[in-house]
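**Q** Got a structure here, written out as structure tokens. Questions coming.
The values are calculated or read from the model by the stated rules, or taken from the named source; none is laboratory data. None of these values were measured; they are calculated from a predicted model. Please note: Cβ atoms are built from the backbone with ideal geometry, for glycine as well, and neighbour counts cover all protein chains shown. To get the accessible areas, we keep the full protein, side chains included, count just its heavy atoms, and leave off ligands, DNA and RNA. Shrake-Rupley method; radii C 1.70, N 1.55, O 1.52, S 1.80 Å.
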Amino acid sequence: MSTTATIAEYQAQNKARLISEVRRRFEAEYVTDKSDKYDSRDVERLQQDDNWVESYLAWRHNVIDETLKMLDESFQWRKEMAVNDLTEASIPRWLLEIGGIYLHGYDKEGNKLFWIRVKYHIKDHKTMLDKKKLIAFWLERYAKRENGKPVTVMFDLSETGLNNIDMDFVRFIINCFKVYYPKYLSKIVIFDMPWIMNAAFKIVKTWLGPEAVSLLKFTSKNDIQDYVSVEYLPPHMGGTDPFKYSYPPLVDDDFQTPLCENGPIASEDEASSKEDIESDGKDTLETISNEEQTTLPKKGNIMEPTSKADENEKVDSKMKTFKKPLSVFKGPLLHISPAEELYFGSTDSGEKKALIVLTNVTKNIVAFKVRTTAPEKYRVKPSNSSCDPGASVDIVVSPHGGLTVSAQDRFLVMAAEMEQTSGTGPAELTQFWKEVPRNKVMEHRLRCHIVESCKPSSLTWKDHAFNMSDKTSGDLCHQFATSRRESDCNPP
């Protein structure tokens, strides 16, 4: 065994030991005496969710005593705020309508932006609890969906004065990331801070502590683009984002229908669309079984969702060697591979497309659709279809018209079980998605990752020609793993 493998194995064993010890001691030393001070759902989750325990351990540098104190404080706060029961209805409507606190867009590292528009905040102890609940509502909503992926807090101080600064509220936000949601803070970007508030933010630095103070980024219109690109900045920050806050509904993840479903708008796309479809006829993905086939739309029109019959007809015998995702997210309706990131090759690697594999693990037909935060950039084939029980569907994601893949881009896979008598044509699927209850819909989000410097062999099997029809899925995975080991460079 290599030294790297030995170290990795030791780290995994040590992490498992620490997690187990935290659980044992928290149950014995805290839950026994303070069970009425905690929400039983949090205690149960602590025993089941390794990532949650690890987030507290990491924030306290794996010191168990400090981790236990942090868990105690966090869990008491979660019960006092009734965090597990916070819903839209828990927040006064006027507070949601004003648009002072919301999630929207991404920074240059791909972290979600959590906006605090300070000009809409007036210090008032009567409304303080509701404002704190709104912060907790958004963070808990995000944490449940993204499970550990950090956010960048955007403190927008434009058009503000001393009346807008409430140090108790600012301290609450700091504590949310220091104690209640450890590891969720990427940085705090402070925009256009008036000089009169310098003293106030010196205090904020002491609250953050020496380790986190480096996460404070003071910016103006001249340098905020060091952290956030213009497409996610509003005009008053020098950006081009046309987003205007409104409520209802809740401002959510900004996922929209990709090109394959709603079609290109400009006529100039017709030629490139024809080229894309013709090339797809020549360069399709390999199939692993008869049920797990690459599905492509009819050549004549990309404006409509592809029917299942069209998908089955459009499978070419010529297979393009292509990276099969290996990690798997195991959801209640679908297993989704990759689990977290879509890997796109750079121009040098020669492969810009990515693959999502959906496997139906239910006994019913599952309808699915794919949405993205950058609908103008991507073609997704198919983006709205269904998957039979036990079957798999390959979804091809490709940048449109030479547009560049960004780490800020996100994809959302939505899935819901259909009745046995339901049809699966375009009209039936459209009606199904209009009627299906929100709580019956499974959602899973994927980030984008661009591989810049690896050899094509780390992404493809161009140097390993073989007969796909004679290979089982296990053979393919084994051969791909061998190919990766032989490569000089692996994706991060």
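**Q** Pull up the range 63-79, narrow it to residues that are closer than 13 Å to V43 by Cβ and among the charged types (D, E, K, R), then point me to the one that is farthest from the chain's Cα centre (by Cα).
**A** Top of the filtered list is D72.
**Q** So which residues in the range 195-218 are modelled with pLDDT of 85 or more and not hydrophobic (A, V, I, L, M, F, W, C), if there are any at all?
**A** K217
**Q** Give just the number: which of (1) among the hydrophobic types (A, V, I, L, M, F, W, C); (2) modelled with pLDDT under 75; (3) surrounded by fewer than 18 Cβ atoms within 10 Å (Cβ to Cβ) does L459 not satisfy?
**A** In the conditions (1) among the hydrophobic types (A, V, I, L, M, F, W, C); (2) modelled with pLDDT under 75; (3) surrounded by fewer than 18 Cβ atoms within 10 Å (Cβ to Cβ), L459 misses (3) alone.
**Q** Here's a follow-up. So which of V380, V397, V357, V370 ends up being assigned to a strand (DSSP E or B), closer than 21 Å to R438 by Cβ and within 20 Å of the chain's Cα centre (by Cα)?
**A** Answer to the check: V370.
**Q** Scan (1) at pLDDT 75 or above; (2) farther than 30 Å from A367 by Cα for the single condition M442 breaks and write down its number.
**A** (2)
**Q** Write out, first by first residue and then by second, each pair whose Cβ atoms fall under 8 Å of each other, whose residues are 6+ apart or on separate chains, and whose first residue, in the range 232-250, is at positive phi while the second is of a type in the set (A, V, I, L, M, F, W, C) and open to solvent by 30 Å² or more (accessible area, probe 1.4 Å).
**A** Within 8 Å, the pairs are G238/V230.
**Q** Something else about it: Could you please find all residues in the range 88-146 being out of contact with any helix residue (DSSP H, G or I) (no Cβ under 8 Å at 6 or more places or on another chain) and of a type in the set (S, T, Y)?
**A** Y142
**Q** With the condition kept exactly as written, say whether any residue in the range 181-193 is without any contact (Cβ under 8 Å) to a residue 60 or more places away in the chain, out of contact with any Cys (no Cβ under 7 Å at 6 or more places or on another chain) and surrounded by fewer than 17 Cβ atoms within 10 Å (Cβ to Cβ).
**A** No, the conditions are met nowhere in the range 181-193.
**Q** Exactly one of (1) free of Cβ contacts under 8 Å to residues at least 40 places away in the same chain; (2) under 26 Å from Y106 (Cα atoms) is unmet by E376. Its number?
**A** (1)
**Q** Also, quick follow-up: Among the residues of the range 365-383, what is the count of those that are modelled with pLDDT of 90 or more and open to solvent by 10 Å² or more (accessible area, probe 1.4 Å)?
**A** Selection size over the range 365-383: 2.
**Q** Please go through the range 129-178 and give me each residue that is within 22 Å of the chain's Cα centre (by Cα), modelled with pLDDT of 90 or more and among the acidic types (D, E), ordered by number.
**A** Matches in the range 129-178: E140 only.
**Q** F177 - would you say it is crowded, with 18+ Cβ neighbours inside 10 Å and outside any loop (DSSP other than H, G, I, E, B)?
**A** The answer is yes for F177.
**Q** Given the structure, is K244 in a helix (DSSP H, G or I) and open to solvent by 20 Å² or more (accessible area, probe 1.4 Å)?
**A** No; evaluated as a whole, the condition is false for this residue.
**Q** Restricting the search to the range 71-85, which residues are closer than 13 Å to W138 by Cα and open to solvent by 50 Å² or more (accessible area, probe 1.4 Å)?
**A** Answer for the range 71-85, where residues must be closer than 13 Å to W138 by Cα and open to solvent by 50 Å² or more (accessible area, probe 1.4 Å): just D85.
**Q** Only one of E443, E428, E419 is open to solvent by 40 Å² or more (accessible area, probe 1.4 Å) and in a helix (DSSP H, G or I). Can you tell me which?
**A** The match here is E428.
**Q** Take the conditions touching a Ser or Thr at 6+ places or on another chain (Cβ under 7 Å), assigned to a helix (DSSP H, G or I) and either on the phi < 0 side of the Ramachandran plot or hydroxyl-bearing (S, T, Y) (or both) and apply them to Y56. Does it pass?
**A** Yes; evaluated as a whole, the condition is true for this residue.
**Q** Condition first: closer than 30 Å to K79 by Cβ and either assigned by the TED database to the domain that holds D42 or modelled with pLDDT under 90 (or both). Can you find one or more residues in the range 219-238 that meet it?
**A** Taking every residue of the range 219-238 in turn, none turns out to be closer than 30 Å to K79 by Cβ and either assigned by the TED database to the domain that holds D42 or modelled with pLDDT under 90 (or both).
**Q** Report, by residue number, each residue of the range 24-53 that is part of a loop (DSSP other than H, G, I, E, B) and either hydrophobic (A, V, I, L, M, F, W, C) or surrounded by 15 or more Cβ atoms within 10 Å (Cβ to Cβ) (or both).
**A** Y38, D39
**Q** Can you report the number of residues in the range 131-168 which are in a helix (DSSP H, G or I), surrounded by 14 or more Cβ atoms within 10 Å (Cβ to Cβ) and among the acidic types (D, E)?
**A** Final tally of qualifying residues: 2.
**Q** Still on this structure: Taking only the range 326-354 into account, find how many residues are in contact with a Leu (Cβ under 6 Å, 6 or more places away or on another chain) and either modelled with pLDDT under 85 or over 21 Å from V441 (Cα atoms) (or both).
**A** So the answer is 5.
A quick yes/no check of all residues on (1) at pLDDT below 95; (2) in a loop (DSSP other than H, G, I, E, B); (3) open to solvent by less than 10 Å² (accessible area, probe 1.4 Å); (4) not assigned by the TED database to the domain that holds L342:
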{"residue": "N62", "(1), (2), (3), (4)": "yes, yes, no, yes"}
{"residue": "L96", "(1), (2), (3), (4)": "yes, no, yes, yes"}
{"residue": "G105", "(1), (2), (3), (4)": "yes, no, yes, yes"}
{"residue": "G110", "(1), (2), (3), (4)": "yes, yes, yes, yes"}
{"residue": "L113", "(1), (2), (3), (4)": "yes, no, yes, yes"}
{"residue": "K119", "(1), (2), (3), (4)": "yes, no, no, yes"}
{"residue": "K123", "(1), (2), (3), (4)": "yes, yes, no, yes"}
